[in-house]
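Worksheet for the structure shown next.
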Amino acid sequence: MRAEHIDTRLLKERTERSRDMSGDAVRITERVLKDAAADEAAKKDVMALQTAAALEHLAVSVYRTAAGLPFIKNGTKTVAEFIATTVQQHQEHAKAFNAAAVKAGGKEQTRPDEQYGDMVRRTLSSARNPVDVIKLSASLEDMAARTFTKYVGQVRDTRVRRLFASVAPVEAQHRATLLAVQSLLASGHENLVEIPTDAPRLPAALGSAGIPDVFQATANARPMSEGAVL
Amino acid sequence: MRRARGGWELPIGESELSGLTKDMEEAHRETLPAMRTSAAELGERIRELGQASPPGSPGGLAQDGPVDAGRRRFLLTAGGLGAAFLLTACSSTGTDEKGLPPHDGPSEALPPRPAVDTVMYTAELRFVALSAALENQAVGAYGSILAAAGAEKFGAVPPAVSTFVTMAMAHHIDHAKAWNEALTAAGKPVVTDVPLSNQRAVTTALDRAATVDDAAKLALQLEEQAAQTYLSAVYHGKSRGGIETAATIAPVEAMHASVLRFVLGQYPVPDAFLPEDMAATPGLLTV
């Protein structure tokens, strides 16, 4: 029987083609998975930014309501001025968060945080004096600082991370100032709530009242999805 | 601050001090475990990076594009900060015709950076070592302020300032510990002193501080430098542990700055966003 001739060139060609196709399939799958992961991470960044904007709107709303309360409006001038400046700063934060959300392909968040807002508004409606308002504002600032600090470690885009990292310390400073004022009011030193203050007369407790934490806590931070705009 | 036999006592009652101590201990309990986890993660990540890239090669912080710009900025800001310290000190003690103390020429104030092969901390570890050094610098500065107050150099020290200085020093000790835990986890020696090229300027300024306000202004600059350095690190850092550690310390340094501003008669929250113009970079390290 005559040996049958096998065309090995064709076999080689097909093997090579198969190898190329297999390589292409791996590369395409990798790219698709990578893109999907990047999309997912980008979506999380947008949600974080929208939730942050919602918290900022809530802060603005609470401070504005507080500013209209008679014991704030007719109370210490420095507190009223602090509220006005802080409202401006929160508005700037909201604007920056929304700009970043839009840049990342998301929508602007124009509403205050509903879930956390319910509790905050209930507390504000029962406020009877400046200390009540200051306590509530300090806890609102604390929540913002906790949330933004936590997001720093969770977001993907370095510019978004930087934004959260540049806002969280400012919310912490608002809180420190409010806690210091709360301490002065609670100890009957209302006359020292002014800028410039009379430093030699400041009570010893003021030196530590504004900074209760050694590290910024992040426990109970608001979930990223809380203020997301669908 | 009042003098007591053999030392200093806080101008507050024992029960108030106990309350403050209890609060501080609770804060420690709440935050330190998280810090240890972050430090351990950071150490592991840095060890991985070290294995992936040979010593002296770019990695971690050094991989980012903006680092060159950051280094250029450092030449401006580190020098600027040193000059600012000196100007603050000179404002109360007089200056020479150049506005600087004669012994603070660039060759002394900024010792040459060690050659790459002698650098002890590489890649992201340089930032960790820088952070530990900055914290040690703050601890030393507050310690000097307390000692100077004890020697009645500043006259009467407001009670709130005494409390603040004691508390802030304790905070910085804990922050340094957190950074050093990361170094230990990465198998590197801890930073127990202040290997920073601006240290001479800082100690000179502290020596020249004649009033509580002078000392508070110096402390404010150190707090601002630390907070802004951590903001910069969050942006340039690679390891999640390092980013989280910096992110949880920066707000506390910023709060320190707010209290100091209030005591100094300034508005406590001057900026809507934390700036970075005073941030130090790892180039400040001399080890």
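Solvent-accessible surface of chain A, taken per residue with a 1.4 Å probe and all protein chains present: 52 Å².
Which entries in the list A:LYS44/A:LYS107; A:LYS95/A:LYS150; A:LYS73/A:LYS95; B:LYS153/B:LYS217; B:LYS177/B:LYS217 go over 18 Å, if you measure between the two C-alpha atoms of each? Violating the 18 Å limit, Cα to Cα: A:LYS95/A:LYS150; A:LYS73/A:LYS95; B:LYS177/B:LYS217.
Under the rule of -39500 (n - 2.57) per DSSP H run of 4 or more residues, summed and divided by the residues of chain A, what mean residue ellipticity at 222 nm is obtained, to the nearest 500 deg cm²/dmol?
Values: 7 runs with 160 residues, N = 230.
Calculated at 222 nm, the ellipticity per residue is -24500 deg cm²/dmol.
Here the simple spin-label model places points 7 Å from the Cα toward Cβ, and for A:VAL102 and A:LYS34 these points are separated by 3.1 nm. For A:ALA138, the shell of other residues with beta-carbons less than 14 Å away shows a net charge of -2, using +1 for Lys and Arg and -1 for Asp and Glu. At an R0 of 30 angstrom, the distance between the Cβ atoms of A:GLN91 and A:ALA41 translates into a FRET efficiency of 0.60. Considering the range B:135-231 at the alpha-carbon level, its Rg and Dmax are found to be 14.2, 46 Å. In percent, how large is the relative contact order of the range A:130-193, given Cα pairs closer than 8 Å and 6 or more residues apart? Relative contact order comes out at 43 percent.
Taking every protein chain into account, the 1.4 Å probe leaves A:ASP118 with about 80 Å² of accessible area, to the nearest ten. Compared with the direct C-alpha span, the chain from B:TYR267 to B:MET120 gains 48.8 nm at full extension, assuming 0.36 nm per residue.
In Å² (nearest 100), what accessible area is buried between A and B, both sides summed, heavy protein atoms only, 1.4 Å probe? Walk me through the intermediate numbers first.
Details: alone 14130 and 14090 Å², together 23880 Å².
Interface area, both chains combined: 4300 Å², rounded to the nearest 100.
At 25 °C and 0.890 mPa s, what whole-number value in µm²/s does Stokes-Einstein give for the translational diffusion of the range A:10-209, with Rh from the Kirkwood sum over Cα pairs? Don't jump to the answer; show the numbers that get you there.
Details: Rh = 19.5 Å.
The calculation lands on 126 µm²/s.
Across the range A:10-209, Cα pairs under 8 Å and at least six residues apart give a relative contact order of 23 percent.
Across q = 0.16, 0.17, 0.18, 0.20 Å⁻¹, the range A:53-137 modelled as identical point scatterers on its alpha-carbon atoms has Debye log10 I(q)/I(0) values of -0.63, -0.69, -0.76, -0.88, in the order of the q list.
Mind listing which trypsin sites (Lys or Arg not before Pro) in the range A:115-211 are in a DSSP loop and have 16 or fewer other Cβ atoms within 10 Å?
Details: sites: A:ARG121, A:ARG122, A:ARG128, A:LYS135, A:ARG146, A:LYS150, A:ARG156, A:ARG159, A:ARG161, A:ARG162, A:ARG175, A:ARG201; in loops: A:ARG128, A:ARG156.
The qualifying sites are A:ARG128, A:ARG156.
For the range A:166-181, a reduction of at least 50 Å² in accessible area between the chain on its own and the assembled protein chains (probe 1.4 Å) is found at A:SER166, A:PRO169, A:GLN173. Note on A:LEU230 and A:ALA25: with the Förster distance fixed at 41 Å, the Cβ-Cβ geometry gives a FRET efficiency of about 0.75. Accessible surface for A:THR65 stands near 70 Å², nearest 10, in the context of the full protein assembly shown (1.4 Å probe).
Using a 1.4 Å probe on the protein heavy atoms only, what accessible surface does A:ASP20 show? Give it in Å² to the nearest 10. Counting only protein heavy atoms, the figure is 90 Å². In this structure the range B:149-286 gives 27 Å² per residue of accessible area when probed at 1.4 Å with all protein chains present. Tell me, what % of the accessible area of the range A:10-209 is carbon and sulfur with a 1.4 angstrom probe? Carbon plus sulfur share of accessible area: 53 percent.
Quick one: dipole size for the range A:10-209, taken about the Cα centre, charges +1 on Lys/Arg Cβ and -1 on Asp/Glu Cβ, in debye to the nearest 20. Before the final figure, lay out each step's value.
Details: 28 positive and 24 negative charges, 79 e Å.
Result for the range A:10-209 is approximately 380 debye, rounded to the nearest 20.
The values are calculated or read from the model by the stated rules, or taken from the named source; none is laboratory data. Since the structure is predicted, the reported quantities are computational estimates derived from the model, not experimental observations. In this analysis, Cβ positions are derived from the backbone assuming ideal geometry, glycine residues included, and neighbour counts consider all displayed protein chains. For the accessible areas, the whole protein counts, side chains as well, though only heavy atoms, and no ligand, DNA or RNA atoms are used. Shrake-Rupley method; radii C 1.70, N 1.55, O 1.52, S 1.80 Å.
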